[in-house]
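As structure tokens, the structure follows; a few thoughts come after it.
The values are calculated or read from the model by the stated rules, or taken from the named source; none is laboratory data. Bear in mind that the values here come from a model prediction, so they are computed numbers and not experimental data. Methodologically, a virtual Cβ is constructed for each residue, glycine included, from the backbone with ideal geometry; neighbour enumeration extends over all protein chains shown.
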Amino acid sequence: MADRKIFVITEYKKNQNVFSDLTFELLTLAVELKRQARENYNFELEVCATVLDSGIDADFNMLAKYGADNIFYVKNEKLRDYNLTYFSSAILELIKMKNPEIVLFPASTVGRELAPSVTSRLQTGLTADCTSCNLIKEKDKVKLAATRPTFGGVLMATILCKENPQCATFRQGVITKSALENYTTRCEEIPLAHLFETPSPIKNVEFIANEIKKSTLEDAKVIFCGGKGLKTKENFEKLRRLTEILGISLAASRGAVDLGLAEQEIQVGQTGKTVCPDLYVAFGVSGAVHHISGMSASSKVVAINKDQNAPIFENCDYKIVADAVEIIDEMLKKLSSC
Amino acid sequence: MQIVVCIKQVPDTNNIKWTKENNLQREGMVSILNPCDNYALEAAFKIREKFKNAKITAITMGPSQAKNVLNYALARGCDEAVLLCDKAFSASDTLATGRVISSAIKKLFPKCSLIICGQYAQDGDTAQTGPTIAGMLDIPVVTNVGQIINCDIKMSIFKQVLKDGVNILEVKNPSVACVLKGDEPIKPLYVKDYMRSQEIGIKEYNLSDLELDKTQTGILGSPTYVFKAFKLEHQRDAQEIKYNIPDFLINLTKNGGKNG
């Protein structure tokens with residue numbers, strides 16, 4: 001069979017006129033699965049990118065550069081802004097038309113509601129927030145084996161799906177994107193106008209942009225993260241002041257957020273953000289796997305914890321057995337005196 | 001107006017104990033109401049403050065131990081509690097779970113205006129069950145809801161919290177809202193609340209009550225299955241720092257992680 005397909009659902013950042021990094025990461029992953037199919041199982045997988053929009057100037061060449069053999073482009077005025085009803089019905093229709101074996105979705109806010117909206121209508125499975133995936137042979141069939149943290153991130157589970165398409169979502173930062181040297185692509189525009197005739201039951205009334213965002217945690221170079229070990233809001237605020245003085249980013253573990261020490265917006269871990277800074281310093285974070293899964297891509301990790309058996313010490317480059325609050329106090333004192 | 005709140009009992013993964021060998025200690029693990037779901041309940045109560053005739057039903061799928069969270073939901077102020085319990089439901093993945101819950105809603109609350117779920121469950125954290133229920137019922141869903149601004153029989157207005165701002169959405173009911181964990185503290189409960197919960201009691205429904213077939217639920221009805229489970233591998237060798245810690249950290253920060 002020549003045209004076995006893998007779909008990558010792309011994300012387009014309208015305001016910047018580019019595809020998201022996660023789009024290229026998913027394409028890189030699809031290319032790797034294509035390689036495994038060819039080398040290990042002797043069949044060809046065609047990497048197909050789906051693009052939904054009202055007409056964009058983005059460089060489709062970029063999708064080709066990261067491995068899209070084929071681009072399926074649904075162009076309609078109704079797709080100008082994201083609308084779950086329109087987007088999910090377009091993807092659903094593309095899947096029914098082209099019959100891919102595997103579909104990779106971005107685990108962005110949008111992707112995380114889009115993916116289950118599509119898979120539930122297809123009555124197929126979806127493995128969310130995967131950290132890796134491979135092709136394996138199971139009962140004579142080549143299957144997508146998708147691995148994700150589970151049980152609050154305490155364990156990793158590899159999930160298989162009996163039905164096609166086998167669907168998975170990935171978060172930004174767990175795959176390193178890599179461009180191809182030689183590439184060709186075909187772009188096919190697919191008119192699906194009939195899907196957009198009925199008005200969507202969801203209406204965008206207003207979008208209120210956040211005030212000037214300093215920098216996002218996902219892009220931060222240095223992150224100090226406070227955990228449950230900081231105990232009080234006052235202590236957490238000290239850490240906040242320290243990050244402000246040093247001009248770096250602040251994060252919190254789920255334990256700290258659940259205790260009400262910090263806002264959920266800055267939570268790192270399985271139920272929060274996935275980060276990959278050059279330096280990650282964990283202050284009073286115990287280091288349950290659900291936390292590790294959100295920061296394991298950091299280049300250097302420093303852990304400060306009173307408990308010398310804290311699991312975080314198994315996942316750090318520098319181990320400091322001390323009271324994190326005392327260290328914060330000492331650092332603040334040093335920095336204010338110089 | 002009927003509102004259904006989907007809740008889940010989860011192990012308290014914040015208080016996980018580890019054995020000396022660094023394994024998960026399953027004994028004595030405590031179950032709690034999934035933290036997001038507390039805010040799903042709260043969102044429903046806020047609607048009832050405006051629309052006094054709104055009836056709030058908490059629903060969960062699980063073994064009979066899951067009655068604990070339903071009793072809690074009743075004590076918090078729900079008007080009704082429903083347990084979907086059958087051996088055939090166990091080991092359901094998100095698709096099969098969505099199928100059971102959506103079948104129950106279709107059968108028991110055909111006139112339901114709004115279904116509220118927590119954004120994600122603390123244990124599985126797939127954030128899929130809400131959108132899956134909506135997909136199965138073929139009704140709209142909005143995730144990452146920070147606030148339900150208004151809700152009546154015909155329409156809901158949701159505030160959706162996104163990375164770069166907030167979205168105000170007007171959605172035709174019936175719809176599904178997946179709400180985020182809020183910041184406000186959850187009010188403590190008193191004995192009288194639990195007494196009220198006892199008086200109301202929990203309604204139970206099984207596979208045949210929902211007119212489902214056992215090939216549609218549990219392992220048979222789940223397209224996904226766990227191929228293997230394992231502990232995360234550790235890839236770092238820790239070097240212990242004992243002296244001049246503040247200087248070490250300040251330098252490391254200034255050098256972007258490079259020591260020296």
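Before moving on, here are some points about what is shown:
- Of all residues in the stretch B:115-149 being free of Cβ contacts under 8 Å to residues at least 24 places away in the same chain and in a loop (DSSP other than H, G, I, E, B), the one that is nearest to the other protein chains (Cβ to nearest Cβ): B:125
- The condition of being part of a helix (DSSP H, G or I), crowded, with 24+ Cβ neighbours inside 10 Å, on the phi < 0 side of the Ramachandran plot and of a type outside the set (Val, Ile, Thr) holds for only one of B:66, B:88, B:40, that being B:40.
- Selected residue (criterion: surrounded by the most Cβ atoms within 10 Å (Cβ to Cβ)) from residues of the stretch B:196-227 that are under 22 Å from the mean Cα position of the chain (by Cα) and of a type in the set (Ser, Thr, Tyr): B:217
- Within the stretch A:280-298, if we keep just the residues that are more than 11 Å from every other protein chain (Cβ to nearest Cβ) and touching a Phe, Trp or Tyr at 6+ places or on another chain (Cβ under 9 Å), the residue that is modelled with the highest pLDDT turns out to be A:282.
- Scanning the stretch B:203-229 for residues that are small (Gly, Ala, Ser), assigned to a loop (DSSP other than H, G, I, E, B) and over 16 Å from residue A:160 (Cβ atoms) gives a single hit, B:208.
- Answer from B:247, B:183 - the residue that is over 25 Å from the mean Cα position of the chain (by Cα), among the acidic types (Asp, Glu) and surrounded by fewer than 16 Cβ atoms within 10 Å (Cβ to Cβ): B:247
- When each of A:169, A:85, A:150 is tested for being closer than 20 Å to residue A:29 by Cα, among the hydroxyl-bearing types (Ser, Thr, Tyr) and either surrounded by 23 or more Cβ atoms within 10 Å (Cβ to Cβ) or assigned by TED's automatic domain parsing to the domain that holds residue A:45 (or both), the lone residue that passes is A:169.
- Any chance residue B:171 is at the interface with chain A (Cβ under 7 Å from one of its Cβ atoms), over 19 Å from the mean Cα position of the chain (by Cα), surrounded by 24 or more Cβ atoms within 10 Å (Cβ to Cβ) and under 21 Å from residue A:121 (Cβ atoms): yes
- Unmet criterion (only one of (1) modelled with pLDDT under 90; (2) crowded, with 17+ Cβ neighbours inside 10 Å; (3) hydrophobic (A, V, I, L, M, F, W, C)) for residue B:230: (2)
- Complete set of residues in the stretch A:113-165 that are assigned to a loop (DSSP other than H, G, I, E, B), farther than 30 Å from residue A:255 by Cα and either more than 9 Å from every other protein chain (Cβ to nearest Cβ) or in contact (Cβ under 8 Å) with a residue 60 or more places away in the chain (or both): A:139, A:140, A:164, A:165
- Residue check, residue A:85 at the interface with chain B (Cβ under 8 Å from one of its Cβ atoms), under 22 Å from residue A:33 (Cα atoms) and at pLDDT 95 or above: no
One line per residue, one yes/no per condition, for (1) of a type in the set (Val, Ile, Thr); (2) in contact with a His (Cβ under 8 Å, 6 or more places away or on another chain); (3) part of a strand (DSSP E or B):
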| residue | (1), (2), (3) |
| --- | --- |
| A:52 | no, no, yes |
| A:56 | yes, no, no |
| A:64 | no, no, no |
| A:68 | no, no, no |
| A:86 | no, no, no |
| A:93 | no, no, no |
| A:97 | no, no, no |
| A:100 | no, no, no |
| A:103 | yes, no, yes |
